[in-house]
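The values are calculated or read from the model by the stated rules, or taken from the named source; none is laboratory data. Keep in mind the model is a prediction, meaning the values are calculated, not measured. Note: ideal-geometry Cβ built from the backbone for every residue, glycine included; neighbour counts use all protein chains shown. To get the accessible areas, we keep the full protein, side chains included, count just its heavy atoms, and leave off ligands, DNA and RNA. Shrake-Rupley method; radii C 1.70, N 1.55, O 1.52, S 1.80 Å.
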Amino acid sequence: MPRVRSDHPPLAGIASRQRPRRAILATADRRRLCRDLPCYRLILLCELEEFASLRRAMGVTRARLLMDDVAARLVAALPDLRARPAGPNLLELGYDCTSPVAGPSILDRVRVAIAAPFDLDGEPYRLSLRIGGVGVAAADADEVQMIEAAEQALVDARQMQADVLRDLIDPAAGDDPIQLMRELPGAIAEGQIFLQYQPKVRVRQQKVVSAEALVRWRHPTRGLILPGAFIEAAERSNIIGTLTLWIIRRAIADQRTLAAQGYDIPIFINISGVLLSDTGFVRDACALVAAGGAKIGFEITETAVIRDPESAIANLRTFADIGVPLAIDDYGAGLSSLAYLKRLPASELKIDKLFVTQLTSSNRDPLIVRSTIDLAHALDMEVTAEGVETPAALALLGVMGCDMVQGFLISRPVEFAAFQTFLAEDRHLAAMVSPRMTFLRNEGQWKTA
Ligand code: C2E
Ligand code: CA
Ligand code: CA
């Protein structure tokens, strides 16, 4: 993670980086205090994307001035904004507003201000910023902590390819699953839940053959929340059924849009184990998929089946009977049983990323992956390796006969619009071309070894 330079002048209003005495105020008091006065402080770290290619195209000196142009544009649009450089392609912004609710609208105003093209030596050029930010009651503002939290938000924003704004006013509440579950039904209704898509690519044909839908929550004050922070709680509180039905509806609509554009690939949805023995959910999900006119598949874990095998297997048959392809997720990570594996009506087995990310650095994992591929093929299933992050892993998987790959090397999960662009521009090919040459050349050697 690039550290923010600490030798630049402090933001106005923040006198030093020494930790100030923390105001002892209850959260409710802090929120009340914040109602009218400009006492909610935001720090946003804005990173200019594709900086390396800009620097190559325009030269180091001109590229260094780019952030000045961005800062000037932003300060003109938001006069109360404090801006200072924090690196060659990084700008730190400070803003004081009256309440946490104002945070997302400031972020929007920054985005709008940047949207119009910049004049790069006579050429109009749209710059793209990735933003990670935090907000906190001014009474609690500790600059060092805020910058560290903003840096982490920026790291998450890069990974998610989506801006992240976190509310530190009551960080504990962000981790409180009960509070999150109270908010989840409203979040679904208000459009805060959305899906990102990650392609699965068939290795031999070098074609995108399906995609996995991954749920995210864009929380108005806590920023982006990943499924790891709320799926388990949703499973415990029964909201998982409502959430998953919403996800199925959304994925059906998106799949139909893709099909109309000539990309008729199935979209796979993760189905929690608890739902596999919920007859009401199974009935509703089948009705949605049957009426949806879209190619939808489900990913389920084997552990979920082992919990209540008879009803899970019966329900999986119901899905398979209406033409829903099933993939066994996270294979190798949890409980595995050959007896059940044989009985599952699944057409795909996904090797857990735990084994794939270590593939080229461990002695044991290639053996596990190789034998899993052979086992799946013997059971008439295709194999997907998830967590493919490097060309070396892709090359080795190709040699091992793995059918499909999914992972950051090909694409991170991206929002629907970006996924459409990814498909239209065949972006997966960039990751596929060179490794293919390597593993095709080595294939004969591997087989005779
Ligand atoms: P999963 O089903 O195993 O999903 C794959 C996870 O691996 C995703 O994390 C994805 O972002 C991440 N990933 C993809 N490629 C790579 C890679 O190359 N390297 C590494 N290190 N990671 C990679 P995410 O989106 O945070 O999802 C985490 C888990 O949350 C999922 O694991 C799934 O179990 C659950 N989940 C996500 N969406 C849903 C949903 O709609 N419903 C349910 N029930 N669970 C979901
Ligand atoms: Ca999955
Ligand atoms: Ca998985």
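General observations
- Accessible surface of region 177-446 [probe 1.4 Å, protein heavy atoms]: carbon and sulfur percent: 53 percent
- Cα-based Lys proximity count in the chain, under 22 Å, for pairs eight or more positions apart or on separate chains: 8
- A full extension of the chain between A417 and V433 corresponds to an added length of 3.3 nm, given 0.36 nm per residue minus the alpha carbon distance.
- Over region 177-446, relative contact order from alpha-carbon pairs under 8 Å, at least 6 apart, %: 18 percent
- Surface composition of region 28-174: carbon and sulfur make up 54 percent of the accessible area, probe 1.4 Å.
- Simple rule: put +1 on each Lys or Arg Cβ and -1 on each Asp or Glu Cβ in the chain, find the dipole, and look at I269, L65, T301; the Cα lying farthest toward the positive end is L65.
- Look at where the Cα atoms of region 243-305 and of region 179-238 average out, and the two centres are 13 Å apart.
- Per-residue Karplus couplings for region 150-155, computed as 6.51 cos²θ - 1.76 cosθ + 1.60 with θ equal to phi - 60°, are listed in order as 5, 4, 5, 4, 5, 4 Hz, Gly and Pro entered as x.
- For the chain: accessible area per residue (Å², 1.4 Å): 46 Å²
- Here the dipole of region 54-107 is about 380 debye; that uses its Cα centre as origin and unit charges on the Cβ of Lys and Arg (positive) and Asp and Glu (negative).
- Here r is the Cβ-Cβ distance between A333 and Q179 and R0 is 22 Å; the resulting FRET efficiency, rounded to 0.05, is 0.15.
- Here each label is just a point 7 Å from Cα along the line to Cβ, and for T98 and S311 those points are 5.2 nm apart.
- In the chain, helices alone account for a calculated mean residue ellipticity at 222 nm of -14500 deg cm²/dmol, with every DSSP H run of four or more residues adding -39,500 (n - 2.57).
- Modelled this way, with points 7 Å down the Cα-to-C-beta line, the labels at E49 and E425 are 0.9 nm from one another.
- Among the GluC sites (Glu not before Pro) found in region 149-228, those both in a DSSP coil and sparsely packed, with 16 or fewer other Cβ atoms within 10 Å of their Cβ, are E190.
- Cβ-derived FRET efficiency at R0 35 Å, N363 paired with V155, nearest 0.05: 0.65
- Cβ-placed point charges (K, R +1; D, E -1), dipole of the chain about Cα centre in debye, nearest 20: 540 debye
- Stretching T303 away from S105 to a fully extended chain increases their span by 67.0 nm, per 0.36 nm per residue minus the current alpha-carbon distance.
- Computed extension length for A57-A320: 89.4 nm, one decimal, from 0.36 nm per residue of separation with the Cα-Cα distance subtracted.
- Remark on S210: its backbone amide H falls under 5 Å from those of K200, a criterion applied only to residues 5 or more positions apart or on other chains, H modelled at 1.01 Å from N.
- About its Cα centre, the dipole of region 28-174 is roughly 180 debye, where the only charges are +1 on Lys and Arg Cβ and -1 on Asp and Glu Cβ.
- Near I193, the amide H atoms lying under 5 Å from its own belong to R218; only residues 5 or more places off or on other chains count, and H is placed 1.01 Å from N.
- In order along region 76-85, phi translates into HN-Hα couplings of 5, 7, 10, x, 7, 6, 10, 10, 8, x Hz, rounded to whole numbers, per the Karplus curve 6.51 cos²θ - 1.76 cosθ + 1.60 with θ = phi - 60° and x for Gly and Pro.
- Theoretical FRET efficiency, 1/(1+(r/R0)^6), r = Cβ-Cβ of E123 and R204, R0 30 Å, to 0.05: 0.10
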